[in-house]
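The structure appears below as structure tokens.
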Amino acid sequence: MSADFSPNPKKWLLIGVAGLAVSLIGFFVDTQIAAWSYLIGLIFITSIAIGMLFLVMIHHIFDAQWSVIVRRQAEHYISALPYMGILFIPLFALTYFGKDQGILWLWMNDAASLHGHGTVGTDILYQKKTWWLSEGFFWGRAIFCFVIWSYFAWAFRRNSFAQDEDGEAKHTFSSRKHAAAGLILVALTWTAAAFDWIMSLEYHWYSTMFGVWIFASAMRASLAVMLLTVAYLVAKGPLKGILNTKHLHDVATLAFAFTVFWAYITFSQYFLIWNANLPEETFWYNDREQGLWWPISMLLIFGYFLFPFLYMLQFPLKTNYKSMTFMACWLLSMNLLDGYFNILPSLKDDHGEVFQLFSDPTNIIWYISGVVGAGGILLWAYWTSFQKTKIIPIRDPRIQECLNHNH
């Protein structure tokens, strides 16, 4: 490690706390917008940590050799998962100690009006879904999800860091077993979280592909953060001469692959709903053609798929740190915009009109604070873990192959 490289986790903790404080103030200033923005920011940052967890599990299940160095960075990020669970608590408190229990998830307020169609309590669609949309079951699933994610994060980190000390192969075998079980459990729980935290905001709507969409979204976000991380660590010295352009190219290729996969899932969901033409499904897209959401949807098509697709088709760009740093920042900004696109139009006013992203410019404060708050905690957890371990898994059975990965 470079002698002058000294990360400061406390700086990121202060940034995170400041962002969270602004969000909490927003709960008293503009409760609904601040709460929805906080939820979006929390989901966005949690998806990065979940994507990192998937990267660790994919590495172990395939016994990959090129990604050993990259895996260590993902292991640092997944240390944030328990803290993401803690950041979920304010949403619980706001639901039960605020003025409107349905401030986020409308179905939690039986008396909430459905814009001229009665109330939630008298809604036949809600009554048919109460086996899943029950409050105790909802919060219990949230706790279960974070427990599962935190357990696997702890297990992979324990095995990896212990192997740095004793070099025992048993740690690798243990991680493979955990990866086999984890890929199933994390996939199911992340899907359940998508249904609960996002889809149930508009509980009339449903999509069988939504869980796959949020998986693709998480992978794109995590790979973008990984590109930024390795580029930074090479530039600052810790990974200089260790991580080469072939490693960078492989991470960029994964980002390219999930760009195509995300486009496939997103188009498939749209095409199936358009083709079936059922009112209980099509209204979701109709809402997202209102006002500013229409140009945003076009921006996502061309900016979140076509531009990255054409950009990362070019081999020289995938082996250049500056070009991939730019693309990573672009992907993250589009990923966050995609989150707003999927979530905010579910918010309706008293007349049933769709909420518009920039209806009030001051809302930008709440849009940013939630991301900054949870993002600061993520980076604090990363740098705290970074300082406590080796820069690379020095005794991993595949480390030599990884260091010599040039072809």
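The values are calculated or read from the model by the stated rules, or taken from the named source; none is laboratory data. Given the structure is predicted, the values throughout are model-derived calculations rather than measurements. Positions of Cβ are backbone-derived with ideal geometry, glycine not excepted, and every protein chain shown enters the neighbour counts.
Points to keep in mind about this one:
- Restricting attention to the stretch 285-313 and to residues that are at pLDDT below 95 and polar (S, T, N, Q), the residue that is farthest from Met199 (Cα to Cα) turns out to be Gln290.
- In this structure, Leu55 does not satisfy being in a helix (DSSP H, G or I), out of contact with any Lys or Arg (no Cβ under 9 Å at 6 or more places or on another chain), modelled with pLDDT of 95 or more and surrounded by 13 or more Cβ atoms within 10 Å (Cβ to Cβ).
- Residue match in the stretch 389-400 (condition: among the basic types (Lys, Arg) and either in a helix (DSSP H, G or I) or buried (at least 21 other Cβ atoms within 10 Å of the Cβ) (or both)): no
- Residue count, the stretch 1-44 (criterion: out of contact with any Lys or Arg (no Cβ under 9 Å at 6 or more places or on another chain) and of a type in the set (Ser, Thr, Tyr)): 4
- Residues satisfying the stated conditions in the stretch 28-52, i.e. at pLDDT below 95 and aromatic (Phe, Trp, Tyr): Phe28
- Considered as a group, the residues in the stretch 250-281 that are of a type in the set (Phe, Trp, Tyr) and closer than 19 Å to Phe305 by Cα include one that is surrounded by the most Cβ atoms within 10 Å (Cβ to Cβ), and that residue is Phe258.
- In the stretch 127-137 there is no residue that is in a helix (DSSP H, G or I) and buried (at least 19 other Cβ atoms within 10 Å of the Cβ).
- When Trp294, Trp330, Trp284 are screened for being among the aromatic types (Phe, Trp, Tyr) and in contact with a Lys or Arg (Cβ under 8 Å, 6 or more places away or on another chain), only Trp294 passes.
- For Gly241, the conditions (1) more than 23 Å from the chain's Cα centre (by Cα); (2) at negative phi are fulfilled apart from (2).
- Residue check: Ser23 meets all listed conditions (1) closer than 30 Å to Asn404 by Cβ; (2) modelled with pLDDT of 95 or more but one, namely (1).
- Qualifying positions in the stretch 58-83 - surrounded by fewer than 24 Cβ atoms within 10 Å (Cβ to Cβ) and of a type in the set (A, V, I, L, M, F, W, C): Ile58, Ile61, Phe62, Ala64, Trp66, Val68, Ile69
- Unique match (being touching a residue at least 60 places away in the same chain (Cβ under 8 Å) and crowded, with 17+ Cβ neighbours inside 10 Å) among Lys318, Lys348: Lys318
- From the list Pro361, Pro397, the one residue that fits, being free of Cβ contacts under 8 Å to residues at least 60 places away in the same chain and farther than 19 Å from Val251 by Cβ, is Pro361.
- Any hit, the stretch 168-186, residues being among the aliphatic types (A, V, I, L, M), assigned to a helix (DSSP H, G or I), modelled with pLDDT of 95 or more and buried (at least 20 other Cβ atoms within 10 Å of the Cβ): yes
So that you can scan it fast, the table gives a plain yes or no per residue for (1) touching a Lys or Arg at 6+ places or on another chain (Cβ under 6 Å); (2) touching a residue at least 40 places away in the same chain (Cβ under 8 Å); (3) closer than 30 Å to Phe92 by Cβ:
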{"residue": "Arg141", "(1), (2), (3)": "no, yes, yes"}
{"residue": "Ser150", "(1), (2), (3)": "no, yes, yes"}
{"residue": "Ala162", "(1), (2), (3)": "no, no, no"}
{"residue": "Ile184", "(1), (2), (3)": "no, no, yes"}
{"residue": "Trp190", "(1), (2), (3)": "no, yes, yes"}
{"residue": "Met199", "(1), (2), (3)": "no, no, yes"}
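- Flag for Gly102 being over 26 Å from Trp149 (Cβ atoms) and assigned to a loop (DSSP other than H, G, I, E, B): yes
- Qualifying residue in the stretch 11-18 (condition: farther than 19 Å from Met219 by Cβ and free of Cβ contacts under 8 Å to residues at least 40 places away in the same chain): yes
- Test result for Leu24, under 30 Å from Asp349 (Cβ atoms), in contact (Cβ under 8 Å) with a residue 12 or more places away in the chain and assigned to a helix (DSSP H, G or I): yes
- Considering only residues in the stretch 255-281 that are of a type in the set (Ser, Thr, Tyr) and without any contact (Cβ under 8 Å) to a residue 40 or more places away in the chain, the one that is farthest from Met312 (Cα to Cα) turns out to be Tyr270.
Every residue, every condition in (1) of a type outside the set (Phe, Trp, Tyr); (2) in a helix (DSSP H, G or I); (3) modelled with pLDDT of 95 or more; (4) farther than 26 Å from Tyr304 by Cβ, yes or no:
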{"position": "Ala218", "(1), (2), (3), (4)": "yes, yes, yes, no"}
{"position": "Ala221", "(1), (2), (3), (4)": "yes, yes, yes, no"}
{"position": "Leu227", "(1), (2), (3), (4)": "yes, yes, yes, no"}
{"position": "Ala235", "(1), (2), (3), (4)": "yes, yes, no, yes"}
{"position": "Gly241", "(1), (2), (3), (4)": "yes, no, no, yes"}
{"position": "Leu248", "(1), (2), (3), (4)": "yes, yes, yes, no"}
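- Scanning the stretch 282-309 for residues that are in contact (Cβ under 8 Å) with a residue 12 or more places away in the chain, within 14 Å of Asn342 (Cα to Cα) and part of a loop (DSSP other than H, G, I, E, B) gives Arg288, Gln290, Leu292.
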